[in-house]
Amino acid sequence: MVVDDHPMWREGVARDLGEAGHLVVATSGEGRQAVRVAAAARPDVVVLDLQLPDISGVEVIHGLRAVLPDVRVLMLSASAEQQGVLDAVKAGATGYLLKSAAPADFLDAVRRTAAGEPVFTPGLAGLVLGEYRRLAADPTEGGPAGRGGAAPRLTERETEVLRLVAKGMSYKQIAGRLGLSHRTVQNHVQNTLGKLQLHNRVELTRYAIEQGLDE
(Lines give C-alpha, C1' and ligand atoms only; values in the text may rest on other atoms or scores of the structure.)
Protein backbone atom coordinates (compact mmCIF):
# COMPACT_ATOMS: atom_id res chain seq x y z
CA MET A 1 0.00 0.00 0.00
CA VAL A 2 1.27 3.47 -0.90
CA VAL A 3 0.34 6.50 1.22
CA ASP A 4 1.38 9.93 -0.04
CA ASP A 5 -0.57 13.16 -0.55
CA HIS A 6 1.08 14.03 -3.88
CA PRO A 7 -0.94 12.21 -6.60
CA MET A 8 1.82 12.08 -9.21
CA TRP A 9 4.37 10.78 -6.71
CA ARG A 10 1.90 8.27 -5.25
CA GLU A 11 0.91 6.94 -8.65
CA GLY A 12 4.53 6.79 -9.78
CA VAL A 13 5.60 4.77 -6.75
CA ALA A 14 2.64 2.41 -7.17
CA ARG A 15 3.49 1.96 -10.86
CA ASP A 16 7.15 1.21 -10.10
CA LEU A 17 6.13 -1.35 -7.48
CA GLY A 18 3.69 -3.01 -9.87
CA GLU A 19 6.27 -3.20 -12.64
CA ALA A 20 8.70 -4.80 -10.18
CA GLY A 21 6.20 -7.58 -9.47
CA HIS A 22 4.64 -6.29 -6.25
CA LEU A 23 0.85 -6.29 -5.83
CA VAL A 24 -0.28 -2.80 -4.78
CA VAL A 25 -3.54 -3.45 -2.95
CA ALA A 26 -4.40 0.20 -2.21
CA THR A 27 -3.23 3.81 -2.29
CA SER A 28 -4.24 6.79 -0.20
CA GLY A 29 -3.48 10.48 0.11
CA GLU A 30 -4.66 11.00 3.69
CA GLY A 31 -3.61 9.43 6.98
CA ARG A 32 -6.97 8.59 8.54
CA GLN A 33 -8.25 7.21 5.27
CA ALA A 34 -5.09 5.13 4.96
CA VAL A 35 -5.73 3.43 8.30
CA ARG A 36 -9.33 2.63 7.34
CA VAL A 37 -8.35 1.32 3.91
CA ALA A 38 -5.46 -0.73 5.31
CA ALA A 39 -7.79 -2.48 7.75
CA ALA A 40 -9.76 -3.78 4.75
CA ALA A 41 -6.95 -4.22 2.21
CA ARG A 42 -4.55 -5.81 4.73
CA PRO A 43 -1.23 -4.95 3.04
CA ASP A 44 1.98 -6.65 4.13
CA VAL A 45 4.02 -3.48 3.57
CA VAL A 46 2.97 0.17 3.70
CA VAL A 47 5.14 2.77 1.95
CA LEU A 48 4.31 5.88 3.95
CA ASP A 49 5.14 9.59 3.71
CA LEU A 50 5.93 11.40 6.94
CA GLN A 51 4.01 14.60 6.10
CA LEU A 52 0.30 14.16 5.33
CA PRO A 53 -2.46 16.79 5.20
CA ASP A 54 -4.59 15.53 8.11
CA ILE A 55 -2.38 13.60 10.56
CA SER A 56 1.33 12.85 10.67
CA GLY A 57 2.93 9.71 9.35
CA VAL A 58 3.84 8.80 12.94
CA GLU A 59 0.16 8.87 13.91
CA VAL A 60 -0.61 6.74 10.88
CA ILE A 61 1.92 4.15 12.04
CA HIS A 62 0.20 3.93 15.44
CA GLY A 63 -3.16 3.52 13.70
CA LEU A 64 -1.86 0.90 11.30
CA ARG A 65 -0.28 -1.18 14.05
CA ALA A 66 -3.51 -1.05 16.04
CA VAL A 67 -5.45 -2.71 13.21
CA LEU A 68 -2.58 -4.70 11.62
CA PRO A 69 0.01 -5.54 14.33
CA ASP A 70 2.29 -7.37 11.87
CA VAL A 71 2.28 -4.75 9.11
CA ARG A 72 5.70 -3.47 8.04
CA VAL A 73 6.10 0.22 7.37
CA LEU A 74 8.72 1.80 5.14
CA MET A 75 8.83 5.58 5.53
CA LEU A 76 9.56 7.27 2.21
CA SER A 77 10.01 10.95 2.97
CA ALA A 78 11.72 14.08 1.70
CA SER A 79 12.56 14.97 5.29
CA ALA A 80 15.72 13.83 7.06
CA GLU A 81 14.87 15.86 10.17
CA GLN A 82 16.28 13.99 13.16
CA GLN A 83 13.24 13.99 15.41
CA GLY A 84 10.92 12.88 12.63
CA VAL A 85 13.15 9.91 11.80
CA LEU A 86 13.43 8.82 15.44
CA ASP A 87 9.72 9.30 16.11
CA ALA A 88 8.86 7.14 13.10
CA VAL A 89 11.22 4.34 14.17
CA LYS A 90 10.00 4.43 17.76
CA ALA A 91 6.40 4.26 16.52
CA GLY A 92 7.24 1.04 14.71
CA ALA A 93 8.54 1.91 11.23
CA THR A 94 10.72 -0.89 9.90
CA GLY A 95 12.78 1.49 7.82
CA TYR A 96 13.21 5.07 6.64
CA LEU A 97 14.26 6.02 3.14
CA LEU A 98 14.63 9.48 1.62
CA LYS A 99 12.75 10.27 -1.59
CA SER A 100 16.08 11.11 -3.18
CA ALA A 101 16.96 7.39 -3.18
CA ALA A 102 17.55 5.74 -6.55
CA PRO A 103 14.65 3.59 -7.85
CA ALA A 104 16.71 0.41 -7.51
CA ASP A 105 17.50 1.27 -3.88
CA PHE A 106 13.84 1.93 -3.19
CA LEU A 107 12.73 -1.40 -4.64
CA ASP A 108 15.46 -3.19 -2.70
CA ALA A 109 14.28 -1.42 0.47
CA VAL A 110 10.72 -2.60 -0.13
CA ARG A 111 11.90 -6.20 -0.57
CA ARG A 112 13.98 -6.02 2.59
CA THR A 113 11.16 -4.38 4.53
CA ALA A 114 8.82 -7.19 3.45
CA ALA A 115 11.39 -9.65 4.84
CA GLY A 116 11.40 -7.81 8.17
CA GLU A 117 14.83 -6.25 7.76
CA PRO A 118 15.46 -2.72 9.06
CA VAL A 119 16.36 -0.46 6.12
CA PHE A 120 17.65 3.10 6.38
CA THR A 121 19.14 5.68 4.06
CA PRO A 122 22.88 5.38 4.93
CA GLY A 123 23.14 8.78 6.58
CA LEU A 124 20.19 8.00 8.84
CA ALA A 125 21.43 4.60 10.02
CA GLY A 126 24.03 6.21 12.29
CA LEU A 127 21.39 8.48 13.77
CA VAL A 128 19.14 5.55 14.66
CA LEU A 129 22.03 3.47 16.04
CA GLY A 130 23.10 6.42 18.19
CA GLU A 131 19.62 6.68 19.65
CA TYR A 132 19.61 2.96 20.41
CA ARG A 133 22.89 3.38 22.27
CA ARG A 134 21.43 6.28 24.26
CA LEU A 135 18.40 4.22 25.24
CA ALA A 136 20.60 1.26 26.15
CA ALA A 137 22.57 3.48 28.54
CA ASP A 138 19.38 4.53 30.34
CA PRO A 139 17.68 1.55 32.04
CA THR A 140 14.70 3.74 32.97
CA GLU A 141 13.64 3.87 29.32
CA GLY A 142 12.81 0.19 29.13
CA GLY A 143 15.49 -1.18 26.81
CA PRO A 144 16.81 -4.75 27.20
CA ALA A 145 19.68 -3.39 29.30
CA GLY A 146 17.13 -2.46 31.93
CA ARG A 147 15.34 -5.79 32.04
CA GLY A 148 17.73 -7.36 34.49
CA GLY A 149 19.03 -10.90 34.59
CA ALA A 150 21.86 -12.59 32.74
CA ALA A 151 21.96 -12.43 28.97
CA PRO A 152 20.76 -15.64 27.25
CA ARG A 153 23.49 -17.96 26.00
CA LEU A 154 23.97 -17.83 22.26
CA THR A 155 26.08 -20.22 20.21
CA GLU A 156 29.26 -18.94 18.61
CA ARG A 157 27.57 -18.91 15.19
CA GLU A 158 24.48 -17.11 16.52
CA THR A 159 26.72 -14.48 18.06
CA GLU A 160 28.60 -14.10 14.79
CA VAL A 161 25.36 -13.65 12.84
CA LEU A 162 24.08 -11.21 15.46
CA ARG A 163 27.25 -9.14 15.15
CA LEU A 164 26.70 -8.81 11.39
CA VAL A 165 23.02 -7.96 11.90
CA ALA A 166 24.15 -5.14 14.18
CA LYS A 167 26.32 -3.81 11.36
CA GLY A 168 23.23 -3.48 9.17
CA MET A 169 24.02 -6.35 6.78
CA SER A 170 21.21 -8.12 4.92
CA TYR A 171 20.62 -11.87 5.14
CA LYS A 172 22.16 -12.26 1.69
CA GLN A 173 25.28 -10.33 2.69
CA ILE A 174 25.64 -12.30 5.92
CA ALA A 175 25.24 -15.59 4.03
CA GLY A 176 27.98 -14.56 1.61
CA ARG A 177 30.31 -13.42 4.37
CA LEU A 178 29.96 -16.61 6.40
CA GLY A 179 29.59 -19.08 3.53
CA LEU A 180 26.09 -20.10 4.64
CA SER A 181 22.80 -20.44 2.81
CA HIS A 182 20.19 -17.68 3.06
CA ARG A 183 17.87 -20.13 4.87
CA THR A 184 20.54 -21.01 7.44
CA VAL A 185 21.06 -17.34 8.26
CA GLN A 186 17.29 -16.90 8.65
CA ASN A 187 17.19 -19.89 11.01
CA HIS A 188 20.00 -18.46 13.15
CA VAL A 189 18.20 -15.13 13.36
CA GLN A 190 14.91 -16.78 14.31
CA ASN A 191 16.62 -18.92 16.96
CA THR A 192 18.30 -15.83 18.39
CA LEU A 193 15.04 -13.88 18.42
CA GLY A 194 13.45 -16.72 20.38
CA LYS A 195 16.26 -16.95 22.92
CA LEU A 196 16.25 -13.19 23.49
CA GLN A 197 12.45 -13.01 23.56
CA LEU A 198 12.47 -10.41 20.79
CA HIS A 199 10.05 -10.11 17.90
CA ASN A 200 11.86 -8.78 14.86
CA ARG A 201 15.18 -7.71 13.39
CA VAL A 202 14.78 -4.13 14.54
CA GLU A 203 14.64 -5.28 18.16
CA LEU A 204 17.45 -7.75 17.50
CA THR A 205 19.64 -5.02 16.05
CA ARG A 206 18.96 -2.87 19.07
CA TYR A 207 19.92 -5.69 21.43
CA ALA A 208 23.13 -6.36 19.51
CA ILE A 209 24.14 -2.71 19.72
CA GLU A 210 23.40 -2.63 23.43
CA GLN A 211 25.72 -5.61 23.84
CA GLY A 212 28.46 -3.84 21.88
CA LEU A 213 28.36 -6.36 19.03
CA ASP A 214 28.45 -3.67 16.35
CA GLU A 215 32.00 -2.62 17.24
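With protein chains left intact and a 1.4 Å probe, residues in region 1-81 average 51 Å² of accessible area per residue. Surface composition of region 1-79: carbon and sulfur make up 50 percent of the accessible area, probe 1.4 Å. Using the basic label-point model (7 angstrom from Cα toward the beta carbon), what is the residue 30 to residue 101 distance in nanometres? Inter-label distance under the simple model: 2.8 nm. For the pair region 30-49 / region 164-186, the C-alpha centres are spaced 31 Å from each other.
Inverting the mean 1/r over all pairs of different Cα atoms, compute the Kirkwood radius of region 1-92 and quote it in Å.
Radius from the Kirkwood sum: 12.9 Å.
The values are calculated or read from the model by the stated rules, or taken from the named source; none is laboratory data. Note that this is a predicted model, so its numbers are computed, not measured. Cβ sites come from the backbone with ideal geometry, for glycine too, and all protein chains shown count toward neighbours. Surface accessibility is based on the protein's heavy atoms, side chains included, excluding ligands, DNA and RNA. Shrake-Rupley method; radii C 1.70, N 1.55, O 1.52, S 1.80 Å.
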